[in-house]
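Please read the structure below before turning to the comments.
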Amino acid sequence: MAKATIQFPRGFLWGNATAAHQVEGNNTNNNWHEWEEAGHTEHKSGLACDWWGGRWKEDFDRAAETGQNAHRLSVEWSRIQPEKDRWDEGALDRYREMLRGLKERNMTAMVTLHHFTDPIWFMELGGWESDEAPQLFADFVHKTVSALKEYANLWVTVNEPNVYAYSGYAAGVFPPGKKDLNIAFKVMVNLVRGHALAYKAIHEVQHEARVGMAHQYRSIYPKNPRSPLDRWVAKTQSAIFNDLFPKALTDGKMKFLWQRVNVPEAAGTQDFMGMNYYTRDYVSFDLRMAGELFGARSYAENADLSETDFIANEPEGFFEGMRWAQRFGKDIIITENGVEDSRDEMRRRYLAQHIEQLWRGVNFGWRIKGYFHWSLVDNFEWERGWTQRFGLWELDVESQKRRKRKSADLYEEICKTNSLSSEMVVKYCPEVSEKLFPD
Ligand code: IFM
């Protein structure tokens with residue numbers, strides 16, 4: 001194994017990403033609370049990581065003390081606007097306090113304005129299916145950004161709009177649990193319209209703002225590359241899952257199967273490209289999978305699979321994602337990347353291998369400005385409840401005690417030195433040292 005250190009540019013952002021409903025606790029005024037109460041999830045979010053009760057302070061300390069210089073968090077719309085005609089200034093104060101907390105710890109804040117949850121009143125008006133939705137969202141964004149702008153200028157309007165539309169309106173595993181591709185497309189169009197209005201609103205309030213979306217990129221391969229049908233499924237799924245949103249924010253055009261919609265106001269509404277990357281799929285044509293655009297998904301044979309088989313460790317797919325992202329001609333920020341692993345057996349190598357790919361991307365001259373690992377402390381993992389643990393710190397949900405995992409030590413060394421070295425790899429994940437630092 002070669003002895004070497006791979007170095008990142010000065011000023012590179014290193015952080016963790018979190019989302020309000022997953023960490024705050026006691027979020028009872030949104031559609032996810034209803035969904036959990038109706039028994040659609042493995043567990044309930046409950047107190048989550050108790051950030052609303054103030055434990056964000058100790059978690060921000062953990063992040064800052066371990067060398068992180070940035071943090072991505074989200075605000076909860078239903079707290080800030082509990083009813084259509086009512087703003088909760090106290091909630092905005094609380095978020096201001098949290099963002100001030102980041103500033104005091106010399107950490108750059110990135111704020112997500114929509115991360116999967118919607119207020120109950122908003123869903124009663126039809127949610128994102130309603131043509132009123134984009135303006136309602138933009139009003140919320142205007143109010144929120146005006147209140148928080150002293151502490152942040154990096155804004156993610158919508159997290160993973162593809163996952164939101166797919167999970168809630170095609171697969172039916174997120175609220176409102178629908179399975180209708182036409183409705184899913186309507187929701188996608190309204191999310192793009194909402195983003196475009198929000199983009200404008202944010203720039204009106206704050207000239208120096210940098211606004212983007214956090215797009216989840218999945219590397220999608222045909223299972224049998226010689227099969228034209230498998231190739232067709234991979235291409236179609238990738239065009240919809242990966243390309244549809246960033247393309248709409250580039251040229252204002254949306255294409256979904258046989259449907260075409262122009263949203264001209266969305267063209268040119270992306271200052272940076274946020275990319276979340278987790279894994280690579282292999283798809284094969286299957287007539288029974290109409291809701292999945294006729295694609296059956298699997299992972300590579302012999303894949304390095306995560307604890308609950310949710311993620312295959314495919315670092316080359318991350319590199320492919322960055323190559324894809326740079327085609328949109330904007331700065332790139334990795335807004336999420338991580339793996340569920342309660343025993344912290346795979347995470348260290350997953351992290352090291354993905355950081356190496358990140359460095360390759362940086363060295364290709366791609367404009368990659370930062371990396372946010374998902375996530376800081378184990379948190380509520382949506383329909384899968386507490387069965388999946390993505391934290392660098394383990395959380396005992398009952399006692400709220402945190403315990404640092406070895407991966408957090410590795411990430412600390414990466415953040416503090418702005419680099420990854422062969423020594424670190426030997427120390428934390430020797431099983432990939434030959435791969436990462438070959439002779
Ligand atoms: O926890 C989620 C997050 O809310 C959105 N991106 C994927 C993560 C892991 O599943």
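Just so you know, all these numbers are worked out from the coordinates, no wet-lab data involved. Predicted, not measured: the structure shown is a model, and the values here were computed from it. All Cβ positions, glycine included, derive from the backbone under ideal geometry; neighbour counts span all protein chains shown.
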Worksheet item: Given Cα pairs under 8 Å that are at least 6 residues apart, what percent is the relative contact order of the chain?
Response: 19
Item to complete: Provide, in order from the shortest bin, the percent of all Cα-Cα pairs of segment 1-113 in each 5 Å bin, continuing until the bin that contains the maximum pair distance.
Response: 2, 10, 18, 20, 16, 12, 9, 5, 3, 2, 1, 0, 0
Worksheet item: For the chain, what value does the Rg/Rh ratio take when both radii are computed over Cα atoms and Rh is the Kirkwood radius, given to two decimals?
Response: 0.94
Item to complete: Please identify the longest segment of the chain free of exposed trypsin sites (Lys or Arg not before Pro), where exposed means a DSSP state other than H, G, I, E or B and no more than 10 other Cβ atoms within 10 Å.
Response: 11-225
Item to complete: Using +1 at the Cβ of each Lys and Arg and -1 at the Cβ of each Asp and Glu in the chain, identify which of ALA48, TYR169, THR28 lies farthest towards the dipole's positive end.
Response: TYR169
Worksheet item: Between ASP344, ASP118, ASP180, which gets the highest mean-square fluctuation from a Gaussian network model of the chain, Cα cutoff 10 Å?
Response: ASP180
Practice prompt. State the extension gain, in nm to one decimal, for the chain segment bounded by ASP139 and LYS179, taking 0.36 nm per residue of separation less the distance between their alpha-carbons.
Written response: 11.5 nm
Practice prompt. Please express the Cα-Cα pair-distance distribution P(r) of segment 211-267 as a list of whole percents, one per 10 Å bin, running from 0 to the bin with the greatest distance.
Written response: 23, 43, 26, 8, 0
Worksheet item: When we measure straight from the Cα of LYS3, which lysines land under 21 angstrom away, once same-chain ones fewer than 8 places off are left out?
Response: LYS416, LYS427, LYS435
Worksheet, complete the sentence: Sorted largest first, the C-alpha extents of segment 118-194 along its principal axes in whole angstrom are 41, 22, 20
Worksheet item: If the viscosity is 0.890 mPa s and the temperature 25 °C, what Stokes-Einstein diffusion coefficient in µm²/s follows for segment 35-175 when Rh is the Kirkwood radius over Cα pairs?
Response: 150
Worksheet item: Counting only complete DSSP H runs, which helices of the chain cover 18 Å or more along their long axis at the Cα atoms and score a mean Kyte-Doolittle of 0.0 or above?
Response: 133-148, 181-205
Worksheet item: Please identify the GluC sites (Glu not before Pro) of segment 366-427 that satisfy two criteria: DSSP loop assignment and at most 16 other Cβ atoms within 10 Å. Which are they?
Response: GLU398
Discussion item. Helix-only estimate, please: 222 nm mean residue ellipticity of the chain, summing -39500 (n - 2.57) across DSSP H runs of length 4 or more and dividing by its residues, to the nearest 500.
Written reply: -11500 deg cm²/dmol
Item to complete: Express the Stokes-Einstein translational diffusion coefficient of segment 191-339 in µm² s⁻¹, to the nearest whole number, given a Kirkwood radius over alpha-carbon pairs, 37 °C and a viscosity of 0.692 mPa s.
Response: 198
